1. What single numbered condition from (1) at pLDDT 95 or above; (2) part of a helix (DSSP H, G or I); (3) more than 20 Å from residue B:10 (Cβ to Cβ); (4) not aliphatic (A, V, I, L, M) fails to hold for residue B:235?
2. Residue by residue through region B:42-58, note down the ones that are of a type in the set (Gly, Ala, Ser), assigned to a loop (DSSP other than H, G, I, E, B) and either surrounded by fewer than 21 Cβ atoms within 10 Å (Cβ to Cβ) or facing chain A (nearest Cβ under 7 Å) (or both).
3. Could you check residue B:137 against (1) touching a helix residue (DSSP H, G or I) at 6+ places or on another chain (Cβ under 7 Å); (2) outside any helix (DSSP H, G or I) and say which number it fails?
4. Scan region A:82-96 and give yes if some residue there is touching a residue at least 60 places away in the same chain (Cβ under 8 Å) and more than 9 Å from chain B (Cβ to nearest Cβ), otherwise no.
5. Given the structure, is residue B:254 closer than 26 Å to residue A:146 by Cβ, in contact with a Lys or Arg (Cβ under 7 Å, 6 or more places away or on another chain) and away from every other protein chain (no Cβ under 14 Å)?
6. Considering only helices (runs of 4 or more DSSP H) fully contained in region A:59-163, which possess at least 2 residues that are closer than 27 Å to residue B:66 by Cβ?
7. Would you point out the residue of region B:9-41, among those that are in contact with an Asp or Glu (Cβ under 7 Å, 6 or more places away or on another chain) and surrounded by fewer than 24 Cβ atoms within 10 Å (Cβ to Cβ), that is farthest from residue B:118 (Cα to Cα)?
8. Which residues, counting only those in region B:50-101, are among the small types (Gly, Ala, Ser) and touching a Cys at 6+ places or on another chain (Cβ under 9 Å)?
Amino acid sequence: MKCKGEFLMVLVLEQRDKVLVEETLRILGEQDPLACYQCNKCTSGCPIALVRQDFRPHLIVQQTRMGLKDVLIKEEAIWYCCQCLKCVARCPQKVAPYEVIFALRILAAEAGYSPKNITKLLQSFWNNGMVTTPMIIVTKDFAEVTRQTLGLPAPVVDTEGLRKALKTTKLPTIIENLKKRKKVSKKD
Amino acid sequence: MNLLKYLLYLGCMAKNEQMEYEISTMALLKHFNIDVEYLGDEACCGVPAKNFDKSAWLISSARLLALASQKNGAILSLCTGCDLSFEETSHILRENDVLRENIQEALDIIGLEYDKNIKRVHIFDLIYDDIGIKRLSQAVERDISHLKTACYYGCHAIRTPDLHRLDDSEAPTKMEEVIEAIGGQTEDYPERLMCCMGPNLSFDPKPVLNNVGSIIDAIKNRGFNLLSVICPYCFKTFSLKPFPVLYLTSLIGYAVGLDPNSLGMRLNRSPIEKIIPELAELLIEEF
């Protein structure tokens, strides 16, 4: 006879997206989320987990293992990671939640989910070849200066060359798709 | 003898909004007679594309690395994020032959060749290895013993341990050695390996401000009066709070006797005039 807990587990496993682990593995290459044994080292050292109750790297890996793709790619949580790489350095199983999170971001973007400002950075990268454009800076004594007035050389950016090389990748299609971007929801 | 020439690559943050870093670096390298020229292409290192397509990121970084090897030099970055991107790319492409061939196919279109022995160097490597502790301590002209400096490495400078980074990932000491060599005070403190959360600034600023606020509070309580950084993102986030922050290049430049104006300190919006009397005088004079 099955106990209640086991029965619930079967239900959850029935609903899961069985290909998610394979999908993440396709992007990851080496790191296997199935190797994670939930030791919590990543979360206990994570600087974001310190200031955000709703960001727990080990749970993201666990949800990936369970195949909860819909929850993961539609919510904002995977976009909170600041790439400090502490979890990569500390993971005893070489799973690296950071790598899993980046694989999930790629899957989210393929499905059309991406936060507004991160999408803007990508668009600026594609249009200008850099994520920000030259700015006017106000100094301590309230003078407005630019690279030109400071006597610094104007930056040369070979946007054409960069785009030509990037046309071999999926990036142009992704950028086109993200024009009809779907909103990423806040975690409740 | 080092036969490679250094090709300066600024990165988006340093070139577009953090000009102080570039100005102080150039002044410092000139002072120590180190030749440096611009790489000549300031396109992004590709990290923002990493969120969307891994090969787009690798191509963007590999393209800049190939450009540097075409000019027969080592790529010198100011931003530790760009530097990590170059290191990671060259690590991945050294290990993975299939991926390297794929990336090379994309680079063939623009007539570049990727060399897997390409060298990357960060301005901190240059200060520590090329100028060196001994030359730094001999060059000191100004007394900065009143500055108790908190060294802040920033995540990308020290992680991950399997890549060639600027210092050890859990117990770095090089920046402290530099500060002591130029006559400043410093000491160990628990918050120095924290993350500034800078990348989230554009997207979710509230927790970022809480985070830097608590780090700055801790630093103040430990009696520090200056924070020294080597990453433009760390600088940007920490200068949001009213506490003196300086790039390590500016601090060294000040200690070796360079004029605060020639180090670009006027562009620094954090309250450094409290601890740099020459700058305060300069500002009063102009007023």
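1. Of everything listed in (1) at pLDDT 95 or above; (2) part of a helix (DSSP H, G or I); (3) more than 20 Å from residue B:10 (Cβ to Cβ); (4) not aliphatic (A, V, I, L, M), residue B:235 misses just condition (3).
2. We begin by selecting, within region B:42-58, every residue of a type in the set (Gly, Ala, Ser); these are B:43, B:46, B:49, B:55-56.
With assigned to a loop (DSSP other than H, G, I, E, B) added as a condition, the list becomes B:43, B:46.
If the condition is that a residue be of a type in the set (Gly, Ala, Ser), assigned to a loop (DSSP other than H, G, I, E, B) and either surrounded by fewer than 21 Cβ atoms within 10 Å (Cβ to Cβ) or facing chain A (nearest Cβ under 7 Å) (or both), then B:43 is the only one that fits.
3. In the conditions (1) touching a helix residue (DSSP H, G or I) at 6+ places or on another chain (Cβ under 7 Å); (2) outside any helix (DSSP H, G or I), residue B:137 misses (2) alone.
4. We begin by selecting, within region A:82-96, every residue touching a residue at least 60 places away in the same chain (Cβ under 8 Å); these are A:94-96.
Those left that are additionally more than 9 Å from chain B (Cβ to nearest Cβ): A:94-95.
Scanning region A:82-96, I find at least one residue that is touching a residue at least 60 places away in the same chain (Cβ under 8 Å) and more than 9 Å from chain B (Cβ to nearest Cβ), so the answer is yes.
5. On the way: closer than 26 Å to residue A:146 by Cβ: yes; in contact with a Lys or Arg (Cβ under 7 Å, 6 or more places away or on another chain): yes; away from every other protein chain (no Cβ under 14 Å): yes.
Yes: the conditions hold for residue B:254.
6. Numbers: elements: A:69-74, A:86-90, A:97-110, A:116-128.
Where helices (runs of 4 or more DSSP H) fall fully within region A:59-163 and carry at least 2 residues being closer than 27 Å to residue B:66 by Cβ, they are A:97-110, A:116-128.
7. B:34
8. Going through region B:50-101, the residues among the small types (Gly, Ala, Ser) turn out to be B:55-56, B:60-62, B:66, B:68-69, B:73-74, B:77, B:81, B:85, B:90.
Within region B:50-101, B:60, B:61, B:77, B:81, B:85 qualify.
The values are calculated or read from the model by the stated rules, or taken from the named source; none is laboratory data. The structure presented is a predicted model; accordingly, all values stated were derived computationally and were not measured. Neighbour counts run over all protein chains shown; Cβ positions are idealised from the backbone, glycine included.
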